[in-house]
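Engineer: Mind having a look at this structure? Questions to follow.
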Amino acid sequence: MRVALHTRLAPGREEAYEQAHREVPAELVAAIRAAGAHEWTIWRSGLELFHVIDCDDYAALLAALADLPVNVAWQARMAGYLDVVHDYSDADTGLPVAWHLPVRS
């Protein structure tokens, strides 16, 4: 399944946020993959962050990561960079789809 999320950086935190993502702990990457994520991309437009996650089951992914110490530490670090955080409240859906160009058959 594919899920889109939106978060927002705090003003002036852009470089620190991008630096942090050049240093994502290997243990966290492994945990994200083990929890069923196949791909996770984040785009930034100014302070706006848009995430697209391809995974087996988004709710299961969040549940598997929620209490994992490496993820808890990462989320605490990210909270210092963000005005709008991903609070896991959208565990069933993420952002609603407004439009989709289907793959040609």
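The values are calculated or read from the model by the stated rules, or taken from the named source; none is laboratory data. The structure displayed is predicted, hence computed values, not measured ones. Cβ placement follows ideal geometry from the backbone for every residue including glycine, while neighbour counts extend to all protein chains displayed.
Engineer: Within the stretch 59-76, can one find any residue that is on the phi > 0 side of the Ramachandran plot and small (Gly, Ala, Ser)?
Structural biologist: Within the stretch 59-76 (the criterion being on the phi > 0 side of the Ramachandran plot and small (Gly, Ala, Ser)), the answer is no, since none of the residues qualifies.
Engineer: Also, quick follow-up: Can you find a residue that is among the small types (Gly, Ala, Ser) and either at pLDDT 95 or above or in contact with a Pro (Cβ under 7 Å, 6 or more places away or on another chain) (or both) anywhere in the stretch 14-24?
Structural biologist: Yes, the stretch 14-24 contains at least one residue that is among the small types (Gly, Ala, Ser) and either at pLDDT 95 or above or in contact with a Pro (Cβ under 7 Å, 6 or more places away or on another chain) (or both).
Engineer: Pull up the stretch 1-57, narrow it to residues that are polar (S, T, N, Q) and under 15 Å from Arg77 (Cβ atoms), then point me to the one that is surrounded by the fewest Cβ atoms within 10 Å (Cβ to Cβ).
Structural biologist: Among those that are polar (S, T, N, Q) and under 15 Å from Arg77 (Cβ atoms), it is Gln19.
Engineer: So which residues in the stretch 12-29 are without any contact (Cβ under 8 Å) to a residue 40 or more places away in the chain and under 27 Å from Ala98 (Cβ atoms), if there are any at all? Before you say what the answer is, go through the steps one by one.
Structural biologist: Step one: of the stretch 12-29, the residues without any contact (Cβ under 8 Å) to a residue 40 or more places away in the chain are 12, 14-15, 18-19, 21-23, 26, 29.
Hits for the stretch 12-29 are Glu14, His21.
Engineer: Then there's this: Ala91 passes all but one of (1) modelled with pLDDT of 90 or more; (2) part of a loop (DSSP other than H, G, I, E, B); which number fails?
Structural biologist: Failed condition: (1).
Engineer: Which residues, taken from the stretch 68-84, are in contact with a helix residue (DSSP H, G or I) (Cβ under 7 Å, 6 or more places away or on another chain) and either over 12 Å from Ala20 (Cβ atoms) or surrounded by fewer than 17 Cβ atoms within 10 Å (Cβ to Cβ) (or both)?
Structural biologist: Taking the stretch 68-84 and keeping what is in contact with a helix residue (DSSP H, G or I) (Cβ under 7 Å, 6 or more places away or on another chain), we get 68, 70-71, 74, 77, 81.
Correct list: Leu68, Val70, Asn71, Arg77.
Engineer: On to the next question. Scan the stretch 34-51 for residues that are out of contact with any Asp or Glu (no Cβ under 8 Å at 6 or more places or on another chain) and either under 17 Å from Thr7 (Cβ atoms) or of a type in the set (Lys, Arg) (or both) and report the count.
Structural biologist: Residues meeting the conditions: 9.
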